[in-house]
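Below you'll find the structure, written out as structure tokens, and then a few comments.
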Amino acid sequence: MASNEKITLEELNRRLADPAVTDDELQGYFLVDEAKSGPFNPVLAINPQTVSIPSTPDARARSAALLNSANFIARLRRRIAFNGRVASGTYKGPILVSEGDSWFQYPFKLTDIIDDLMQKYAVFSLDAAGDTLSNMYKQAEYVQAIESTGASIFLFSGGGNDVVAGGNLAAHLFDFDPSRSPAAHLRPSFNMVLDEAIGIYSKLVRQVAKAFPDVEIICHGYDYTVPADGPWLGKPMASRGIADKKFQGAIACVMIDRFNEKLSLLAASSARLNYIDCRNTVAETEWFDELHPTDAGYRKVADKFAKMIEALSKKPRDVAHKTDTARALRSKAVTGKTAEQALPASRVSTSARLKGGPIGRSLHVGINSVDPAHYAGWSGPLAACEFDAQDMEEIAAGLGYDTTLLLTNNATRNKVIDHIRKIADDLQPGDIFLMSCSSHGGQVPDFNGDEVDDAADETLCLYDGQLLDDELYELWSKFRAGVRVLVISDSCHSGSVVKAILPGTVVSAADPMARAMPPSVAARTFRQNRSFYTGLGRSMTGAEALSVTRAQDSPISCSVRLISGCQDNQESLDGIGNGAFTAALINVWNHGQFNRDYAAFHKAIQMQLPRTQSPNHFCIGPKNPIFDAQTPFAI
């Protein structure tokens, strides 16, 4: 058949089914239907210049069926190539499983990243143009595929739909204002879209890392796109009066930067997640459309993947690769199961500390009595604070934290402060610090002027003196950016003890089981140690005090999350085996069976406590969507 002669639909079907016919040879038979395409979801049309389509209802139906199966056909062709490579007996390289969007599978029209990588590697492809992060995680096909193939590397591409707001970018832009910077034209809602996406992303990569302790994960951020007059960038921007192409490009750069920054943070917080920064890789002339590179552009990105794959596979794997095609194809049967249901039971780790992942350090403070010498003759006897600390340490140790336990007379100001400072110095971005404290809560007068609402600093009553909320905030400022700090506080008036108490606080100790220093004792303690607390307060009038008064501007670099025993105007109750709040927390935790996020954890604890004691969930510092989405205490 001459190269310029049209082929029939039947002949096109035959060529699609023939693995000897390359994707390059098939490109000319298809066009992109821009009107029907979605972001990262190209819809193909048959090229009437190269394929003869009779104008009969039957022919039109067969044509539509062929196009609807484009993703399936492309996946099947890749599956045949994968099985042929590993069955040859000569392949000694790594086995790869890939899951992704149209950067990993752009059927027939473009030679995408996976097309390039398959020239050298055995890649079991699950990729589908238009697939979304939530759908990939929900179906979790990759879990069965990694198990079936014995893959050592998992390639992942996702989030592109979210970067362009799912085709609804205009809703997340302000109207053009020459006084605004490009970044200022993005509404806060755009960050919310990215945060939600990165939360799903983090669950997906943690799921793989947890199920397969020896599998390396490779992901990528997208490159700086070039807005044209397309429906995903150029037209939505123009609808807001943003017409200048350079200004459009500057906004697109901000969008891409924000996504890459979140992916970089995720990589630091995840086990064996290797992030490829693709920015400034694809030239301006190497874009097929607003969202997809040309073949040459994809090849440059694929080269970065290949370098990463080689770095992770320095020694060839001289093993018998699994080639059970039936088992591999059964990965499709995972569809419909939740991500957790899809995990093979034999590969699930019980620890939140994953191989090759970030580290966790924890400090657990439990004080059943205080030093009467400092507290004006008051010993403040409590029953269950030490038990709380011991039980929280047991949870942390079981999850892989490096733990420290300080009980009663060992829980001095100097020891607690020194431990936190040392941990702050040790932890790197992505690591986590867990601090639990069960003790009395108290107040001292404010001397640095940062407590404008109630003129009092809230405190944790350590054995030989109180620890001010100002001091805690100053300690958080010592942690590096990207570190997660989780504080579990079971003391009275602890709703925001990591920062500052809210106005309207009512301090009392009417309940003999309450973990509150009585006001009369608080007054005597302050008068007895006036110079000490006055000195502490006045010493905070520098940068530390400024950081406290500017809390809403996130002056600290780490992300701090507090789950406390009660609100600021409430009291936490002591108990026999545990404090009421800690007992509820342990019950909800249920030996690690609780698998939802922190917001759900807080709500579940709240449901188990009386109305008079409502636990608080309070965050300060930079927003960390990975931290938000994780299960409680996850390292």
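A quick yes/no check of all residues on (1) surrounded by 17 or more Cβ atoms within 10 Å (Cβ to Cβ); (2) modelled with pLDDT under 95; (3) of a type in the set (A, V, I, L, M):
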{"site": "147", "(1), (2), (3)": "yes, no, no"}
{"site": "183", "(1), (2), (3)": "no, no, yes"}
{"site": "186", "(1), (2), (3)": "yes, no, yes"}
{"site": "223", "(1), (2), (3)": "yes, no, no"}
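The residues in region 273-300 that are under 24 Å from the mean Cα position of the chain (by Cα), assigned to a loop (DSSP other than H, G, I, E, B), modelled with pLDDT of 95 or more and crowded, with 17+ Cβ neighbours inside 10 Å can be counted, and the count is 1. Pairs meeting the criteria (first residue in region 76-91 and under 14 Å from residue 114 (Cα atoms) and surrounded by fewer than 19 Cβ atoms within 10 Å (Cβ to Cβ), second residue polar (S, T, N, Q) and modelled with pLDDT of 90 or more, beta carbons under 9 Å, at least 6 apart or on different chains) are 79/125; 81/125. If I filter region 250-272 down to residues being open to solvent by less than 30 Å² (accessible area, probe 1.4 Å) and among the polar types (S, T, N, Q), which single residue comes out as farthest from residue 185 (Cα to Cα)? Ranking the qualifying residues of region 250-272, first place goes to 270.
Annotation: residue 388 fulfils all but one of (1) open to solvent by 30 Å² or more (accessible area, probe 1.4 Å); (2) touching a Ser or Thr at 6+ places or on another chain (Cβ under 6 Å); (3) not in a loop (DSSP other than H, G, I, E, B); the unmet one is (1). For region 598-609, taking the residues that are surrounded by fewer than 18 Cβ atoms within 10 Å (Cβ to Cβ) and touching a residue at least 24 places away in the same chain (Cβ under 8 Å), the one that is farthest from residue 490 (Cα to Cα) is identified as 599.
From the list 77, 85, the one residue that fits, being part of a helix (DSSP H, G or I), modelled with pLDDT of 80 or more and under 18 Å from residue 129 (Cα atoms), is 77.
Here residue 382 meets the list (1) over 17 Å from residue 476 (Cβ atoms); (2) of a type outside the set (D, E, K, R); (3) modelled with pLDDT under 95; (4) under 33 Å from the mean Cα position of the chain (by Cα) almost entirely, failing just condition (4).
Take the conditions out of contact with any strand residue (DSSP E or B) (no Cβ under 8 Å at 6 or more places or on another chain), among the aliphatic types (A, V, I, L, M) and in contact (Cβ under 8 Å) with a residue 12 or more places away in the chain and apply them to residue 376. Does it pass? For residue 376, the condition - out of contact with any strand residue (DSSP E or B) (no Cβ under 8 Å at 6 or more places or on another chain), among the aliphatic types (A, V, I, L, M) and in contact (Cβ under 8 Å) with a residue 12 or more places away in the chain - is met.
Residues of region 598-626 that are of a type in the set (S, T, N, Q) and over 12 Å from residue 588 (Cβ atoms): 612, 613, 614, 616, 624. Only residues that are surrounded by 14 or more Cβ atoms within 10 Å (Cβ to Cβ), at pLDDT 80 or above, in contact with a Ser or Thr (Cβ under 6 Å, 6 or more places away or on another chain) and not aliphatic (A, V, I, L, M) were counted in region 4-54, giving 4. Could you grab the pairs with beta carbons closer than 9 Å, sequence gap of 6+ or different chains, first residue in region 19-38 and over 20 Å from residue 75 (Cβ atoms), second one modelled with pLDDT of 80 or more and open to solvent by 80 Å² or more (accessible area, probe 1.4 Å)? Note: pairs meeting the criteria are 28/49; 31/49.
The values are calculated or read from the model by the stated rules, or taken from the named source; none is laboratory data. Only a predicted model underlies this, so the values are computations on that prediction, with no experimental measurement involved. Cβ coordinates were reconstructed from backbone atoms using ideal geometry, including for glycine residues, and neighbour counts include every protein chain displayed. Accessible surface areas use protein heavy atoms only, side chains included; no ligands, DNA or RNA. Shrake-Rupley method; radii C 1.70, N 1.55, O 1.52, S 1.80 Å.
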